[in-house]
Amino acid sequence: MTTLSAPHFVQGVLVEGDAIRHRSRDLGADFTTPAIDLDALVLPRSRLPPLLDVTLAEIVDYLVETGERLRLDRNPHLQECLELIAATNPLPRRVVENLYRQAPYFLTRPLLESIVDANFANRAALDGWVERVDGHGNKGAVRAFPPRMVHMLAGNAPSGCVSSIAQGALVKAVNLFKMPSSDPFTTVAVLRTMAEVDPRHPVVQSMSAVYWQGGDAVIERTLYRPQYFDKIVAWGGGDAINNVIQYLGPGIQLISFDPKSSISMIGREVFGSPDRVAEVADRLAADTTVFNQEACLASRYAFVEGQRPQVESFCAALAQRLNVDRDFGSAEGPALPAEVREEIQVAEAMGDLKVWGGFDGRGLVILSERPVEFQPSHKTSNVVLVDSLDDAVRYVNVATQTIGVYPDERKTQLRDRLASQGAQRLCRLGTANAHVLGSPHDAMYPLQRFVHWMGDDDITL
């Protein structure tokens with residue numbers, strides 16, 4: 001198989017080369033990258049961030065223009081990536097293509113401005129010092145100063161880097177993007193597109209994207225220091241997050257979008273008619289199969305109220321709807337790992353579980369009276385029979401990200417208790433992959449945490 005080439009992008013400059021050979025984690029494909037010049041990735045503290053005096057309005061205009069140029073049909077960089085990524089990313093080519101077609105949405109003016117307004121009470125703090133007077137008449141000023149950030153990008157969504165690039169630009173940060181082995185291509189393609197708008201623009205000069213193998217102590221011990229960076233924004237699995245934690249200390253903070261699991265809660269109202277069972281099963285299947293269940297917001301456990309015969313009929317309907325092509329999921333995905341398959345088969349033989357579907361990646365439904373101990377994956381839904389959705393609340397914790405609820409009105413009844421348990425987001429069943437503009441992410445408004453909040457007190461003696 002031909003070795004793939006993954007260039008870097010350093011402060012506005014494309015860097016090509018094949019000095020280092022790597023292997024992708026998911027599919028084991030070889031790819032090469034240039035050697036990393038660590039000095040080139042760091043902006044000395046003595047130099048002000050390039051975007052400091054660029055207005056937010058100009059930055060938004062620039063991002064919107066970039067978004068227009070990211071349309072797949074006329075963007076050669078993304079077209080090339082679409083062919084390359086098939087070798088490194090487990091998502092089907094058709095799904096990746098749909099993600100690329102969605103990419104311009106992340107750089108539309110309504111979305112960008114809603115993000116800013118949701119994160120900052122006064123967007124003027126991004127453009128300069130905002131004066132204020134406290135209740136005692138003391139005067140001061142505050143500014144959301146541009147941070148220096150390392151972004152550890154997620155590998156499960158090839159277009160996700162567009163959102164991270166936008167966020168980094170909106171807070172005027174100096175950004176270093178560490179690309180994942182499952183997609184060492186898309187981030188550079190987006191930045192090359194951005195450079196074609198204006199290669200000397202401060203937004204471009206504030207962006208670098210490189211790949212190194214996670215856990216490389218030579219690189220990370222050098223870069224992850226407070227004299228170089230303020231924040232590490234980490235998307236990734238538990239091992240990746242734990243690796244970063246060892247470098248934290250005074251002056252360098254972790255903003256973690258750490259591993260999450262999502263669930264569904266379905267009331268007995270689903271059994272009002274066969275048509276309703278079919279509709280709700282399809283909604284649950286849609287939530288379960290986002291990125292073939294690789295997304296954090298993809299449902300893995302479904303708590304269903306009802307009598308056992310009713311719930312078994314629902315499981316049968318759900319198994320059929322998991323085996324369907326959708327915009328961001330495929331009818332057939334990777335097969336379940338052998339060790340998980342064996343665990344399920346043993347539990348089924350002992351009478352602890354009942355299953356529908358198969359282990360071949362076309363969808364599996366497991367019915368149990370308590371959640372299974374392994375993390376359902378590869379288009380597997382663990383349906384848990386409960387007498388009441390109140391009984392399901394105790395299974396929610398701080399790692400529960402999205403909860404899809406049916407019927408819709410049950411959300412209001414449950415949401416305070418679910419928030420108290422640690423849940424982060426509620427939605428109508430079937431809409432897990434849709435979002436209200438400007439909503440919090442992982443129970444926070446991240447851009448507030450990205451910036452370096454600087455105060456200038458001016459108290460008269």
Requested in this report: Being β-branched (Val, Ile, Thr) and over 21 Å from GLN11 (Cα atoms) narrows it down to one of VAL233, VAL218, VAL210, so name that one.
Outcome: VAL218
Query raised in the report: Quick one: which of ARG276, ARG321 is over 24 Å from the mean Cα position of the chain (by Cα), assigned to a helix (DSSP H, G or I) and free of Cβ contacts under 8 Å to residues at least 12 places away in the same chain?
Result: ARG276
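Okay, residues lined up against (1) more than 14 Å from the chain's Cα centre (by Cα); (2) of a type outside the set (Asp, Glu); (3) not assigned by the TED database to the domain that holds LEU14:
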site	(1), (2), (3)
SER159	no, yes, no
ILE165	no, yes, no
PRO180	no, yes, no
VAL188	yes, yes, no
ARG192	yes, yes, no
ASP198	yes, no, no
VAL204	yes, yes, no
ARG225	yes, yes, no
Requested in this report: Would you point out the residue of segment 164-188, among those that are farther than 17 Å from ILE232 by Cβ and of a type in the set (Gly, Ala, Ser), that is surrounded by the most Cβ atoms within 10 Å (Cβ to Cβ)?
Outcome: ALA169
Query - Condition check for ALA302: modelled with pLDDT of 95 or more and in the same structural domain as SER377 (by the TED database) - result: yes
Query raised in the report: Which of the residues spanning segment 431-457 are in contact with a Phe, Trp or Tyr (Cβ under 8 Å, 6 or more places away or on another chain), farther than 23 Å from LEU48 by Cβ and open to solvent by 30 Å² or more (accessible area, probe 1.4 Å)?
Result: ASN433, HIS441
Query raised in the report: Would you say ALA217 is out of contact with any Leu (no Cβ under 8 Å at 6 or more places or on another chain) and either under 24 Å from ALA35 (Cβ atoms) or modelled with pLDDT of 95 or more (or both)?
Result: yes
Report summary line: Filtering segment 220-273 down to residues that are surrounded by fewer than 19 Cβ atoms within 10 Å (Cβ to Cβ), basic (Lys, Arg) and under 26 Å from SER208 (Cβ atoms) yields ARG221, ARG225
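Residue-by-condition table, conditions (1) at pLDDT below 95; (2) open to solvent by less than 50 Å² (accessible area, probe 1.4 Å); (3) closer than 27 Å to VAL324 by Cβ; (4) out of contact with any strand residue (DSSP E or B) (no Cβ under 8 Å at 6 or more places or on another chain):
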site: GLU58; (1), (2), (3), (4): no, no, no, yes
site: TYR62; (1), (2), (3), (4): no, yes, no, yes
site: GLU68; (1), (2), (3), (4): no, no, no, yes
site: PRO76; (1), (2), (3), (4): no, no, no, yes
site: PRO92; (1), (2), (3), (4): yes, yes, yes, yes
site: PRO110; (1), (2), (3), (4): no, no, no, yes
site: PHE120; (1), (2), (3), (4): no, yes, no, no
site: ALA125; (1), (2), (3), (4): no, yes, no, no
site: GLY140; (1), (2), (3), (4): no, yes, no, no
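The values are calculated or read from the model by the stated rules, or taken from the named source; none is laboratory data. Note that the coordinates shown come from a computational prediction; the quantities given were computed from them, not determined experimentally. FYI the Cβ positions are ideal-geometry reconstructions off the backbone, even for glycines, and counts take in every protein chain you see. Keep in mind that these areas ignore ligands, DNA and RNA; they rest on the heavy atoms of the full protein, side chains included. Shrake-Rupley method; radii C 1.70, N 1.55, O 1.52, S 1.80 Å.
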